[in-house]
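The values are calculated or read from the model by the stated rules, or taken from the named source; none is laboratory data. Remember, it's a predicted structure, so these values are computed and weren't measured experimentally. A quick note on method: Cβ atoms are made from the backbone with ideal geometry, for glycine too, and the neighbour counts reach across all protein chains shown.
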Amino acid sequence: MEGRSNMKKPKIREIKEALRALIKGPYTVPFPKVPHKPYPGFRGAPKFNPDECVGCGACANVCPTNTIEVEDLVDEEKGVGKRIITLYYQNCEFCGFCQECCITGKGVELSQEFDLATFDRKSIFTRVEKELALCEICGKPVTTWDHLRWLEDKLGYLAYTNPQIILATHYDIEEIKKKPLRKEIKGRFDQMRILCPQHRREVYRLEERGKKK
Ligand code: SF4
Ligand code: SF4
């Protein structure tokens with residue numbers, strides 16, 4: 001009982017705090033009445049940088065809350081496809097792993113933005129779209145064209161060991177874009193095509209053993 005009555009009496013420290021607040025003003029910031037400017041190094045909402053992101057999807061693999069979605073949309077008739085990568089803020093904890101593990105180092109970066117309150121959580125996101133390189137035989141996505149070009153840049157002359165990367169660097173040449181698709185594998189020259197891992201294996205097997213599986 002004695003303890004309770006003591007609790008009701010304000011402590012000296014609290015009285016001092018109250019007096020100081022009366023003179024100096026409150027410690028709290030008047031947000032949202034006055035816009036708040038976060039301190040440097042503040043970890044706010046991550047944002048994609050479309051010029052630096054190559055669409056590899058590594059950030060989605062490391063995200064601890066699985067809030068980065070990678071969607072590959074393929075139009076089989078036209079033989080084109082795009083990869084859409086969406087980071088939904090609803091489950092983002094601003095940990096920064098996506099930025100830390102981004103293969104280009106700048107594809108996604110934490111911003112200073114923190115005021116994301118909304119009634120529709122799915123409406124708050126950051127998104128990037130990239131054109132897909134499709135397997136010339138089965139039409140499955142291999143990766144994005146930008147990812148292949150980025151690999152060429154990283155590998156330098158070693159990129160000449162990989163036909164897909166070399167093809168990607170020439171992809172802007174209209175003649176290459178228009179070349180007719182051939183669905184079957186005929187010989188070693190098929191190596192110079194965009195192929196998924198399964199069909200690239202088949203080309204190598206054909207070359208080494210002289211027959212299809
Ligand atoms: S900051 Fe963390 S939780 Fe948010 S998207 Fe990046 S990795 Fe995922
Ligand atoms: S380049 Fe970076 S931001 Fe873009 S998909 Fe890859 S890891 Fe994510």
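Couple of notes before you dig in:
- Qualifying positions in region 71-119 - out of contact with any Pro (no Cβ under 8 Å at 6 or more places or on another chain), within 11 Å of ligand 1 (Cβ to nearest atom) and part of a loop (DSSP other than H, G, I, E, B): 102
- Selection status of residue 122, in a helix (DSSP H, G or I) and assigned by TED's automatic domain parsing to the domain that holds residue 67: yes
- Selection from region 8-66 of residues that are away from ligand 1 (no atom under 13 Å from the Cβ), among the aliphatic types (A, V, I, L, M), assigned to a loop (DSSP other than H, G, I, E, B) and surrounded by 10 or more Cβ atoms within 10 Å (Cβ to Cβ): 29, 54
- Test: residue in region 50-64 that is modelled with pLDDT of 95 or more, among the aliphatic types (A, V, I, L, M), in the same structural domain as residue 128 (by TED's automatic domain parsing) and out of contact with any helix residue (DSSP H, G or I) (no Cβ under 7 Å at 6 or more places or on another chain): yes
- For region 81-96, a tally of residues being within 14 Å of ligand 2 (Cβ to nearest atom), surrounded by fewer than 18 Cβ atoms within 10 Å (Cβ to Cβ) and over 20 Å from residue 144 (Cα atoms) returns 1.
- Enumeration of residues in region 38-60 that are in contact (Cβ under 8 Å) with a residue 40 or more places away in the chain and more than 8 Å from ligand 2 (Cβ to nearest atom): 38, 42, 43, 44, 45, 46, 47, 50
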